[in-house]
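The values are calculated or read from the model by the stated rules, or taken from the named source; none is laboratory data. Only a predicted model underlies this, so the values are computations on that prediction, with no experimental measurement involved. Neighbour counts are summed over all protein chains in view; Cβ atoms, including those assigned to glycine, are modelled from backbone coordinates with ideal geometry.
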Amino acid sequence: MSFIYNQPLKSLNTFGIEAKATRFAVFGSVATLVDLLKQATPETILILGGGSNLLFTKDFEGTVLKNEITGITLEKETTDHYFLKAGAGEVWHKLVMHCVAHNYQGIENLALIPGCVGAAPMQNIGAYGVELKDIFHELEAVEISTGRLHVFDLKACAFGYRESAFKNELKNKFIITSVTLRLNKKPVYNTSYGNIAAQLEADETGELSMRAIANAVIAIRSSKLPDPEKIGNAGSFFKNPEIGLEQFSELKKVYPNIVGHETGSSKMKVAAGWLIEQAGWKGKTFDNYGVHKNQALVLVNYGGASGKDILELSQKIIVSIRSQFNIELVREVNIY
Ligand code: FAD
Ligand code: NAP
């Protein structure tokens with residue numbers, strides 16, 4: 001397996017940022033990956049899935065390895081569950097639609113999230129009241145320093161809100177090669193979140209099913225979010241911050257419409273999009289980049305912007321939210 005040198009990355013990241021990788025290769029199996037690792041410097045490896053959760057601010061001076069391990073296999077069935085194993089290079093939405101087609105239930109609220117299966121555990125992807133952890137069984141990952149394959153169960157992944165061990169203590173140490181999901185035989189639908197119920201009512205069939213929920217999520221997402229094929233973006237740029245109940249009630253006196261949801265840890269998760277909109281950033285455009293007009297959490301590249309421009313804009317937003325609300329926004333997008 002040989003490397004490509006000075007590989008352009010523009011078509012490999014959904015922000016559409018121009019950058020180059022010093023060395024680049026694609027792997028379609030664990031064996032090829034292990035072989036490539038022997039030829040690369042461990043400290044300067046970037047694993048690329050769909051490139052939908054990262055921002056290049058400069059050329060990547062190292063080795064970019066693109067994961068193309070495919071395959072979806074039903075590993076086993078129990079009375080209540082299906083255990084489905086997917087290669088880390090599978091497209092996430094394709095996996096969701098595979099489950100919908102076979103009635104492997106629990107994943108349907110996560111329809112239309114861009115990217116690959118292998119990146120899903122990185123930030124415990126979540127949407128519409130469901131997170132990966134809710135349907136996760138285990139994953140396999142190759143240790144970069146040894147080339148050995150390890151298995152991580154739910155506990156070992158230490159999933160949190162848009163967090164996992166792989167973003168923290170295990171950062172840059174493992175490459176995820178497969179993910180096994182545990183899906184329901186007896187459906188437990190989750191339709192309480194946002195406007196899913198309203199969207200379902202608009203569904204002419206009137207039935208409650210995995211497909212109806214997936215269709216509702218797809219319809220809502222398509223109406224609200226910019227399509228990266230048309231406008232460069234990486235989804236939500238920031239995480240929703242969690243603040244104490246006391247701080248939230250103080251803010252509520254000044255901003256009666258502030259959007260917050262209580263979390264299990266007696267904290268309030270504040271909608272970062274609402275904060276950014278209140279601070280006047282929604283729809284702001286600077287040359288060829290800015291804040292999306294419909295969703296203030298999404299920073300966009302209208303074409304030709306640099307990663308540095310977008311990073312600087314995100315920093316200005318962080319400072320502005322700190323000064324107006326005394327809340328610290330944290331970037332969700334991975335910066336390179
Ligand atoms: P990449 O961007 O390629 O990689 C992201 C990070 O993970 C990088 O640090 C990379 O090195 C690392 N990585 C990737 N694959 C592996 C691997 N196999 N092993 C080890 N490390 C790896 N996210 C949500 O959680 N919920 C949403 O609803 C959501 N909606 C989005 C909507 C839009 C329009 C967009 C553009 C993005 C959205 N995202 C959402 C963010 C993004 O789609 C997810 O985080 C997705 O899981 C990223 O997958 P990817 O393959 O593109 O990862
Ligand atoms: P929304 O429905 O307008 O809601 C705004 C925020 O309030 C969301 O961020 C959500 O937090 C929170 N929220 C809403 N209803 C909630 C409830 N019943 N319980 C707890 N929290 C609630 O959000 P949106 O921007 O259109 O996104 C819809 C869903 O898709 C959200 O889950 C969002 O996370 C996900 N999404 C994620 C990305 C990304 O890149 N990460 C991009 C687009 C959409 P949560 O974000 O914690 O759910």
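Return the only residue of Gly273, Gly260 being surrounded by 12 or more Cβ atoms within 10 Å (Cβ to Cβ), over 20 Å from the mean Cα position of the chain (by Cα) and free of Cβ contacts under 8 Å to residues at least 60 places away in the same chain. Criteria check complete, one pass: Gly260. Filtering the stretch 1-28 to residues that are among the polar types (S, T, N, Q) and within 23 Å of the chain's Cα centre (by Cα) leaves Ser11, Asn13, Thr14.
With respect to the conditions (1) more than 13 Å from ligand 1 (Cβ to nearest atom); (2) over 21 Å from the mean Cα position of the chain (by Cα), Gly62 falls short on a single one, namely (1). Among the residues of the stretch 265-282, those that are over 11 Å from Ile327 (Cβ atoms) and part of a strand (DSSP E or B) comprise Lys267, Lys269.
Every residue, every condition in (1) outside the structural domain of Arg162 (by TED's automatic domain parsing); (2) modelled with pLDDT of 95 or more; (3) closer than 17 Å to Leu311 by Cβ, yes or no:
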site: Leu245; (1), (2), (3): yes, yes, no
site: Ser249; (1), (2), (3): yes, yes, no
site: Tyr255; (1), (2), (3): yes, yes, no
site: Gly260; (1), (2), (3): yes, yes, no
site: Thr263; (1), (2), (3): yes, no, no
site: Ile276; (1), (2), (3): yes, yes, yes
site: Ala279; (1), (2), (3): yes, yes, no
site: Val291; (1), (2), (3): yes, yes, yes
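Scanning the stretch 85-133 for residues being assigned to a strand (DSSP E or B), within 16 Å of ligand 2 (Cβ to nearest atom) and buried (at least 23 other Cβ atoms within 10 Å of the Cβ) gives a total of 1. When Ile243, Ile213, Ile231 are checked against the criterion of being more than 11 Å from ligand 2 (Cβ to nearest atom) and within 14 Å of Lys293 (Cα to Cα), a single residue qualifies: Ile231.
Has the stretch 23-35 got at least one residue that is outside the structural domain of Phe152 (by TED's automatic domain parsing), polar (S, T, N, Q), under 28 Å from Leu132 (Cα atoms) and buried (at least 22 other Cβ atoms within 10 Å of the Cβ)? The answer is no, given that none of the residues of the stretch 23-35 is outside the structural domain of Phe152 (by TED's automatic domain parsing), polar (S, T, N, Q), under 28 Å from Leu132 (Cα atoms) and buried (at least 22 other Cβ atoms within 10 Å of the Cβ). Report yes if Pro226 is part of a loop (DSSP other than H, G, I, E, B) and within 14 Å of ligand 2 (Cβ to nearest atom), otherwise no. It is true that Pro226 is part of a loop (DSSP other than H, G, I, E, B) and within 14 Å of ligand 2 (Cβ to nearest atom).
Filtering the stretch 229-264 down to residues that are outside any helix (DSSP H, G or I) and acidic (Asp, Glu), which residue is nearest to ligand 1 (Cβ to nearest atom)?
Applying the first criterion (outside any helix (DSSP H, G or I)) to the stretch 229-264 yields 229-244, 255-264.
Next, from what is left, pick out any that are acidic (Asp, Glu): 229, 242, 262.
On the way: Glu229: 10, Glu242: 16, Glu262: 20 Å.
My answer is Glu229.
Restricting the stretch 134-169 to residues that are free of Cβ contacts under 8 Å to residues at least 40 places away in the same chain, under 19 Å from Ile69 (Cβ atoms) and of a type in the set (A, V, I, L, M), the residue that is farthest from ligand 2 (Cβ to nearest atom) is Val151. For Thr22, the conditions (1) closer than 30 Å to Leu299 by Cα; (2) touching a residue at least 60 places away in the same chain (Cβ under 8 Å); (3) more than 10 Å from ligand 1 (Cβ to nearest atom) are fulfilled apart from (2). The residue that is farthest from the chain's Cα centre (by Cα), among those in the stretch 202-223 that are surrounded by fewer than 12 Cβ atoms within 10 Å (Cβ to Cβ) and either of a type in the set (Gly, Ala, Ser) or closer than 16 Å to Val130 by Cβ (or both), is Gly206.
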